[in-house]
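Chemist: One structure, as structure tokens, below. Some questions next.
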Amino acid sequence: MRSDLVRLIPYALSSRRSRGRLGIYLLCLLLASMAATAVPLLFRQVVDRGLARSRPTVALDWTLGALAISIIAAGSTALSGWLGAAVGQDLTYRLRLDLYRHISAQPVGFFAQSRAGVLTSRISADAVQVQGLIQSLLGTLVGQGLTFVVATVGMVTLDPAATLVAITALPLFLLPIRPFGRRLRAAGVRQAEARALVQHHLTEQLNVEGALAREVFGAHDHDLGRFDAAVTQLRDAVISRNANFYASSFFLTALGGFGVASVYGVASLGAGRSVSIGTVVALAGLVGLMYQPMIQLATQGIGLLPALVSLERVYEVLDHGESYESGQARLIRPARLLRLQNVWFRHPGPEVTLPTLRGDEVPTASTEWTVRDLSVDLAPGVTALVGLTGAGKTTTALLACGVYRPTRGRVTLDGTDLDQLEPGARRSAIGVLTQDPFVLHASLRENLLLAAPDADDDQLAAVLRRARLLDAVAAMPDGLDTVIGDRGYRLSGGERQRLALARILLTSPDVLIMDEATAHLDTRTERAIIEAIDQLAPGTIRLVIAHRLSTVRSADQIVVLHGGQIVERGTHDQLMAVDSHYAALVRAAVGSGT
């Protein structure tokens, strides 16, 4: 755990502003500690020089001095609290950014096997816990530590004997840390897991797809029951944590009373010594300042165990797997050849993610090849990829655009491996249209600008017109600024696909991969979309996955997949002229009216 805390230091020192705030924060803590310690010493003078000698003016002067120092202590404490919170926020910001950068760079299989809500809880809830950890560590270890040292020095100068008696009780403050700490850590683990489970349920259910599922299946009671179970688990974990925390606080606070009692006890036993009443008052105040840090250190040490659990969970994700490193190779456009060369691919096993992200179910490691020794050259023109369900068509498409990386073999664009290309070059060169395109819960304009952030309204209108979507957008209440809702709920399936097509048209890619991209369109709209795609720059490489015969009949090359392997290739006429897998697929499609 110590190493985990040490790893936070670079985050706290990562910018000049953070370093400056941290330095001022430490100075404020020192000033607050010295001022708090000075107050009892000033009250000693109030008693000995003023009240004991019946000199009210002197007592008032020292009282005003103590008040001024108290105000300085309060101001320093408030300023240090604000600065500590700011340092904690800066640290949390950078920690979250690193987490998101690391997570978003993981392979697709990582997300396929991780529960989304549990994963997001690491960035949201666990990172917040770490912020509290930093503030408490800095404020308690540094601030209270300084107070302890200054108060102890002050006590020694007044009465070494009383100081020695008070110090003998300090080891008692360590007694509850181990038993209470063990129980609190276990409760903290349960609390973090339950909190992540609640987050996952909310992420999964509180969206348009979850709402539709509840309505279609009448699953309101079932959904509420699952949520009830999750929040019950969270409630019980928090109650268990609080019970142990406040029990330890009681024990520590009760010990604190020993300090004041020891001062008066020593003063009583040593009544013959020349110890003034003011000195006894000052000692009583100083011993409180000496014990309070110990109470805080022990209490915070116990109470921060759940936050330390959150820190472990954050580093568990940061230390898992290796982020894909971006290539640096440039691409001379237009690209002319996309080649899959002896490509083998199997889906990763359960080790691709963490058990705490995956859940209770452990998937069986894949031993079957989804794609086997696949070699194909995609040149300018249309290559249609056909085959029965499960033949490996979508996997091949994802390999061709670089979403999947081959387990063996290579995928190259004009001779350069896709993973060696600079990310911007690959994104601009390869466009993908899928059956269920991704859209943001944002305006139409923002969704289009994903592809070309600098595009102006005229360019957006041009691609919407080519995608046969301009009239529909013009009819919307806010035009391009219309918010289309969660998962693009305000759009039909066909409109979502046309929006995705408009994004592709903005970038004019050299390679266009279409995976059932016209599945939601009627024949007339499909024809219009194909015409728009045909208007792309001459020489575009097109890989098309479709079940409709009309989509693949005119392809320059048809590749037939079966069991992840290429079993046939050729033109429509060539493959129909023989008794082939393709001919059987066509006969089945015609028989079904496709």
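The values are calculated or read from the model by the stated rules, or taken from the named source; none is laboratory data. None of the values given here were measured: they were computed from a predicted structure. All Cβ positions, even for glycine, are placed from backbone atoms using ideal geometry, and neighbour counts span all protein chains on display.
Chemist: Scanning for something within 30 Å of T395 (Cβ to Cβ), touching a Ser or Thr at 6+ places or on another chain (Cβ under 8 Å) and either assigned by TED's automatic domain parsing to the domain that holds G285 or free of Cβ contacts under 8 Å to residues at least 40 places away in the same chain (or both), does the range 119-126 turn up at least one residue? Let's see the steps before the verdict.
Modeler: Within the range 119-126, the subset within 30 Å of T395 (Cβ to Cβ) is 119-120, 122-123.
Narrowing further to those that are touching a Ser or Thr at 6+ places or on another chain (Cβ under 8 Å): 120.
Next, only the ones that are either assigned by TED's automatic domain parsing to the domain that holds G285 or free of Cβ contacts under 8 Å to residues at least 40 places away in the same chain (or both) stay: 120.
Yes: the range 119-126 contains one or more residues that are within 30 Å of T395 (Cβ to Cβ), touching a Ser or Thr at 6+ places or on another chain (Cβ under 8 Å) and either assigned by TED's automatic domain parsing to the domain that holds G285 or free of Cβ contacts under 8 Å to residues at least 40 places away in the same chain (or both).
Chemist: Same structure, new question: Wholly within the range 492-594, which strands (runs of 3 or more DSSP E) include no fewer than the required count, namely at least 2 residues that are surrounded by fewer than 17 Cβ atoms within 10 Å (Cβ to Cβ), within 37 Å of the chain's Cα centre (by Cα) and at pLDDT below 85?
Modeler: none
Chemist: Suppose the filter is over 28 Å from the mean Cα position of the chain (by Cα) and either farther than 18 Å from A546 by Cβ or in the same structural domain as T540 (by TED's automatic domain parsing) (or both); does A425 pass it?
Modeler: Criteria not met by A425.
Chemist: Taking the range 174-187 as the search range and keeping residues that are more than 26 Å from R122 (Cβ to Cβ) and in a helix (DSSP H, G or I), which one is modelled with the highest pLDDT? Lay out the reasoning, then the answer.
Modeler: Quick first cut of the range 174-187, residues more than 26 Å from R122 (Cβ to Cβ) only: 174-180.
Right, trim to in a helix (DSSP H, G or I) and you get 174, 177-180.
Working: L174: 64, I177: 64, R178: 67, P179: 73, F180: 70.
Selected residue: P179.
Chemist: Something else: Of all residues being acidic (D, E) and modelled with pLDDT of 85 or more in the range 305-356, which is surrounded by the fewest Cβ atoms within 10 Å (Cβ to Cβ)? Just the residue, please.
Modeler: Step one: filter the range 305-356 for residues acidic (D, E), giving 312, 316, 319, 322, 325, 351.
Right, trim to modelled with pLDDT of 85 or more and you get 316, 319.
Details: E316: 15, D319: 10.
Looking at residues that are acidic (D, E) and modelled with pLDDT of 85 or more, I get D319.
Chemist: Go through (1) aliphatic (A, V, I, L, M); (2) touching a Cys at 6+ places or on another chain (Cβ under 8 Å); (3) within 30 Å of L399 (Cα to Cα) and name the single condition L79 misses.
Modeler: Checking L79 against (1) aliphatic (A, V, I, L, M); (2) touching a Cys at 6+ places or on another chain (Cβ under 8 Å); (3) within 30 Å of L399 (Cα to Cα), the one that fails is (3).
Chemist: For the range 188-247, what are the residues that are in a loop (DSSP other than H, G, I, E, B) and either in contact with a Ser or Thr (Cβ under 8 Å, 6 or more places away or on another chain) or at positive phi (or both)?
Modeler: Looking only at the range 188-247, we keep the residues that are in a loop (DSSP other than H, G, I, E, B), and these are 206-207, 218-219.
If the condition is that a residue be in a loop (DSSP other than H, G, I, E, B) and either in contact with a Ser or Thr (Cβ under 8 Å, 6 or more places away or on another chain) or at positive phi (or both), then G218 is the only one that fits.
Chemist: A follow-up question, please. Taking the range 440-479 as the search range and keeping residues that are part of a helix (DSSP H, G or I) and among the charged types (D, E, K, R), which one is surrounded by the fewest Cβ atoms within 10 Å (Cβ to Cβ)?
Modeler: Here is the first cut: in the range 440-479, the residues part of a helix (DSSP H, G or I) are 444-449, 457-466, 470-474, 479.
Those still in the list that are among the charged types (D, E, K, R) too: 445-446, 457-458, 465-466, 471.
On the way: R445: 17, E446: 16, D457: 10, D458: 7, R465: 15, R466: 20, D471: 9.
Filtering first and then ranking leaves D458.
Chemist: While we're on this one: Of all residues in the range 480-491, which are of a type in the set (G, A, S) and either touching a residue at least 60 places away in the same chain (Cβ under 8 Å) or surrounded by fewer than 21 Cβ atoms within 10 Å (Cβ to Cβ) (or both)? Steps first, answer last, please.
Modeler: Residues of the range 480-491 of a type in the set (G, A, S): 485, 488.
Within the range 480-491, just G485 meets the criteria.
Here is a yes/no grid of residues against (1) part of a loop (DSSP other than H, G, I, E, B); (2) buried (at least 16 other Cβ atoms within 10 Å of the Cβ):
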residue: V382; (1), (2): no, yes
residue: L385; (1), (2): no, yes
residue: G390; (1), (2): yes, no
residue: T395; (1), (2): no, yes
residue: L399; (1), (2): no, yes
residue: Y404; (1), (2): yes, yes
residue: V411; (1), (2): no, yes
residue: D419; (1), (2): no, yes
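Chemist: I'd like to know if the range 474-486 contains one or more residues that are touching a helix residue (DSSP H, G or I) at 6+ places or on another chain (Cβ under 7 Å) and either within 26 Å of R542 (Cβ to Cβ) or assigned by TED's automatic domain parsing to the domain that holds N207 (or both).
Modeler: No.
Chemist: Considering only the range 469-485, I want to know if a residue exists there that is modelled with pLDDT under 85, closer than 30 Å to T412 by Cβ and out of contact with any Lys or Arg (no Cβ under 8 Å at 6 or more places or on another chain).
Modeler: No, because not a single residue in the range 469-485 is modelled with pLDDT under 85, closer than 30 Å to T412 by Cβ and out of contact with any Lys or Arg (no Cβ under 8 Å at 6 or more places or on another chain).
Chemist: Name every residue in the range 210-234 that is surrounded by 13 or more Cβ atoms within 10 Å (Cβ to Cβ) and at pLDDT below 80, in order of residue number.
Modeler: G210, A211, A213, R214, A219, listed by residue number.
Chemist: Could you tell me which of the residues A194, A261, A271, A254 is modelled with pLDDT of 75 or more and aliphatic (A, V, I, L, M)? Spell out the reasoning first.
Modeler: On the way: A261 fails: modelled with pLDDT of 75 or more; A271 fails: modelled with pLDDT of 75 or more; A254 fails: modelled with pLDDT of 75 or more.
From the options A194, A261, A271, A254, the qualifying one is A194.
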